[in-house]
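The values are calculated or read from the model by the stated rules, or taken from the named source; none is laboratory data. Only a predicted model underlies this, so the values are computations on that prediction, with no experimental measurement involved. Here the Cβ is made from the backbone with ideal geometry for all residues, glycine too, and neighbour counts use every protein chain on show.
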Amino acid sequence: MSRAPTPAQRRQALLAVRRFRTNFLFGTLLLLFVVLLGRLAKLQLVDGARFQAEAEAKHASAHVFKPRRGSILDRFGRPLATPKPARRIGIDPTQISDPRTFAIVLSDYLGGAVTPVAVTDAMRAARAWAREKKRPLPQYRVLVPYVDEPLLVDRLDELKGLSIREKRRMGIYGVVVDMSEGRQYPNGEYAAHVLGEVPREKQTAGTGAESAFDDVLSGAETHVALRRDGRRRAYAERGAIDRSASRGEDVELSLDVTIQHFLETELDALVRTWEPTQACGIVLDPHSGHILALANRPTFDPNRQPANQNIAIQGLYEPGSFFKPFTVAWALQYAAVGPDEQIDMPERTMLPRDPHPVRDTHYVGPGSVDRLLAESSNTGAALLGHRLGPERMRGLFETLYPDRHGGTRCGLPYEKSGGPRRKTWPWWLAHRAAFGQGFRITPIQMACSFAAFARDDGRSVRPTILANEDHDAAGVQVCEPPHLPIIRAGLEGCAAYGTAQKAFAGSRYTVAAKTATAQQWGTWHGIRCQFNNCSVAAYAPAAQPQVVVFILAQVPPAKEGYGGSVAGSHVRTVIERTLDYWKVSTQDRTGVLAARGPGEPR
């Protein structure tokens with residue numbers, strides 16, 4: 001029979017149990033503390049740098065401030081394109097709990113500028129992206145990348161100024177409004193093709209001066225580091241923002257808004273009378289190479305419409321009779337004709353290796369080369385081309401237009417260059433090339449080539465669209481200086497008694513001009529037919545040339561237009577208004593023709 005433990009024994013046993021429990025609990029807590037310390041040590045010493053970098057990445061952010069775009073000015077500092085407030089509309093899908101209601105309310109608030117379908121599509125795309133990438137919803141999606149309508153811009157600014165509580169109460173919390181960059185063109189359609197379109201990310205590559213000088217106009221972006229809280233709200237900024245340092249520079253073009261107005265007005269008048277499918281005009285300083293005005297029809301309003309083709313630098317046309325002065329200059333240089341030689345210019349002639357006759361629209365008869373130019377004889381020019389031969393005629397073309405890729409490099413993008421109509425163009429048809437058939441060039445190439453006869457060195461002009469560009473305006477040698485008086489006499493005779501007589505009769509200035517009419521196949525009202533490419537190039541005053549004007553119009557067959565009748569009067573008006581604007585004296589009317597005599601007019 002066992003003895004019952006004494007009270008002292010029971011107390012000792014109870015104390016032992018308590019000590020064990022205490023020691024076990026303490027040991028357990030100590031072990032847990034050691035494990036915790038080890039974990040903390042690992043986090044701090046081993047993984048500390050990695051977690052610090054992750055935390056910094058979540059809280060740090062970089063914001064890009066785009067600079068204000070520079071203005072485009074004319075040669076006297078008058079604005080052609082100026083900055084305009086614009087906005088970009090986006091959403092934060094993480095803050096939108098009811099996309100359907102949000103879409104309807106936002107569309108109503110913005111007057112339909114954003115449709116409910118666009119919002120729901122953006123939300124659907126955000127969810128699809130999150131599922132595909134196995135990541136949370138993105139915090140930004142673009143709805144409308146570019147808004148510059150003034151009333152809508154004001155509405156968006158009002159929306160941007162609302163507090164979070166007000167947006168939640170209105171049901172549009174989650175919309176994001178960002179600043180963007182717009183453009184304003186105060187002169188409307190004037191010089192639209194010269195100014196062009198601003199490059200806007202992936203939407204358009206841009207055209208005109210806006211694209212050519214985009215780097216200068218855009219300036220440098222300012223990158224600023226920000227700190228953000230858990231809700232991605234910026235609460236600190238590192239460094240001060242100096243936006244003025246990154247502002248785009250202004251670009252001063254060679255255009256003169258006043259002369260541009262003269263040209264645009266005359267092109268509009270030409271379109272009303274002749275209804276051409278295409279038309280363009282160029283006003284050029286033959287000495288500096290400055291493009292003073294350039295316009296096309298059809299045109300566009302850069303404030304509202306996308307750009308269309310700039311046919312003045314991209315359109316390719318057969319020059320036709322415009323090319324005859326160059327043939328004569330080349331023939332004089334190679335002694336294929338004498339300055340006073342009387343050549344026969346019948347109404348119709350057959351030349352070797354050509355199965356088709358060369359015809360004139362009128363009988364010219366025997367005469368010198370200045371009369372050939374004045375009366376624009378195809379048969380006379382064909383005879384000179386035949387004398388020169390295929391290699392020399394090809395050399396003439398290669399000399400005039402050596403750059404087959406960049407054209408005149410006037411400073412505007414996407415400029416084309418002339419060339420043979422076919423890769424296998426038969427250069428042995430030299431006599432047809434002599435009066436501008438078988439190859440095509442751009443209007444800007446025509447104007448710059450013709451400027452050679454307005455220069456004392458007989459060189460073509462290297463054009464520029466920039467007012468202060470330091471460049472050599474002298475191009476290739478077109479005519480030897482000793483032969484210039486002969487060519488000029490023919491061009492003055494064209495305006496005095498030749499094919500441009502009606503257009504320039506009674507002009508206040510002595511003008512030297514050349515008319516041209518070339519045929520080109522096309523479609524008019526669904527019918528395939530031949531158009532007349534009617535053009536006139538002229539410079540004035542004839543004694544001391546200061547301006548070159550070129551106008552070309554593609555006239556449908558029903559109008560039966562020719563170079564002098566279609567474009568001549570409009571070229572004359574542009575010349576007279578320009579020289580009056582410059583206050584050029586009309587007293588000195590002595591030109592080469594007056595000293596040399598016109599020969600025997602028909």
List the pairs whose first member sits in segment 195-221 and is modelled with pLDDT under 75, whose second member is among the charged types (D, E, K, R) and in a loop (DSSP other than H, G, I, E, B), and whose Cβ atoms are under 6 Å apart, counting only residues at least 6 apart or on separate chains?
THR204/GLU197; GLU221/LYS66
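Residue-wise test of (1) in the same structural domain as GLN309 (by TED's automatic domain parsing); (2) modelled with pLDDT of 95 or more; (3) within 16 Å of VAL548 (Cβ to Cβ).
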position: LEU412; (1), (2), (3): yes, no, no
position: ARG422; (1), (2), (3): yes, no, no
position: LEU429; (1), (2), (3): yes, no, no
position: GLY436; (1), (2), (3): yes, no, no
position: PHE450; (1), (2), (3): yes, yes, yes
position: ARG459; (1), (2), (3): yes, yes, yes
position: ILE486; (1), (2), (3): yes, yes, no
Cβ-Cβ distance below 9 Å, separation of 6 or more or different chains: which pairs start in segment 341-353 with a residue that is under 15 Å from GLY367 (Cβ atoms) and modelled with pLDDT of 90 or more and end on one that is surrounded by 13 or more Cβ atoms within 10 Å (Cβ to Cβ) and aromatic (Phe, Trp, Tyr)?
MET345/TYR363; PRO346/TYR363; GLU347/TYR363
Does LEU151 satisfy being out of contact with any Pro (no Cβ under 8 Å at 6 or more places or on another chain), surrounded by 14 or more Cβ atoms within 10 Å (Cβ to Cβ) and among the aliphatic types (A, V, I, L, M)?
no
Kindly check whether there is at least one residue in segment 294-306 that is of a type in the set (S, T, N, Q), on the phi < 0 side of the Ramachandran plot and buried (at least 21 other Cβ atoms within 10 Å of the Cβ).
yes
Restricting to segment 309-340, name every residue that is in contact (Cβ under 8 Å) with a residue 60 or more places away in the chain and of a type in the set (Ser, Thr, Tyr).
TYR317, SER321, THR327
Any residue that is buried (at least 24 other Cβ atoms within 10 Å of the Cβ), among the polar types (S, T, N, Q) and in the same structural domain as GLY289 (by TED's automatic domain parsing) - is there at least one of those in segment 561-570?
no
Looking only at segment 18-39, decide whether some residue is modelled with pLDDT under 80 and either touching a Gly at 6+ places or on another chain (Cβ under 8 Å) or of a type in the set (S, T, N, Q) (or both).
no
Any chance you could count how many residues in segment 160-186 are surrounded by fewer than 20 Cβ atoms within 10 Å (Cβ to Cβ) and not in a strand (DSSP E or B)?
14
Residues to consider are ALA473, ALA500, ALA467, ALA505; find the one that is closer than 18 Å to VAL369 by Cα, of a type outside the set (D, E, K, R) and not assigned by TED's automatic domain parsing to the domain that holds PRO79.
ALA500
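Here's the yes/no breakdown for (1) assigned to a loop (DSSP other than H, G, I, E, B); (2) among the charged types (D, E, K, R):
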residue	(1), (2)
GLN445	no, no
ARG488	no, yes
ARG508	yes, yes
GLN520	no, no
SER535	no, no
PRO545	yes, no
Test of understanding: among THR379, THR361, which residue is surrounded by fewer than 22 Cβ atoms within 10 Å (Cβ to Cβ) and polar (S, T, N, Q)?
THR361
Scanning segment 493-506 for residues that are part of a loop (DSSP other than H, G, I, E, B) and either in contact with a helix residue (DSSP H, G or I) (Cβ under 8 Å, 6 or more places away or on another chain) or within 21 Å of LEU267 (Cβ to Cβ) (or both) gives TYR497, GLY498, THR499, ALA500
Would you confirm whether any residue within segment 531-545 is free of Cβ contacts under 8 Å to residues at least 40 places away in the same chain, buried (at least 22 other Cβ atoms within 10 Å of the Cβ) and of a type in the set (S, T, N, Q)?
yes
Number of positions in segment 343-393 that are within 19 Å of GLN519 (Cβ to Cβ) and among the charged types (D, E, K, R)
5
Residue by residue through segment 363-376, note down the ones that are in contact (Cβ under 8 Å) with a residue 40 or more places away in the chain and assigned to a loop (DSSP other than H, G, I, E, B).
TYR363, VAL364, GLY365, SER368, SER376
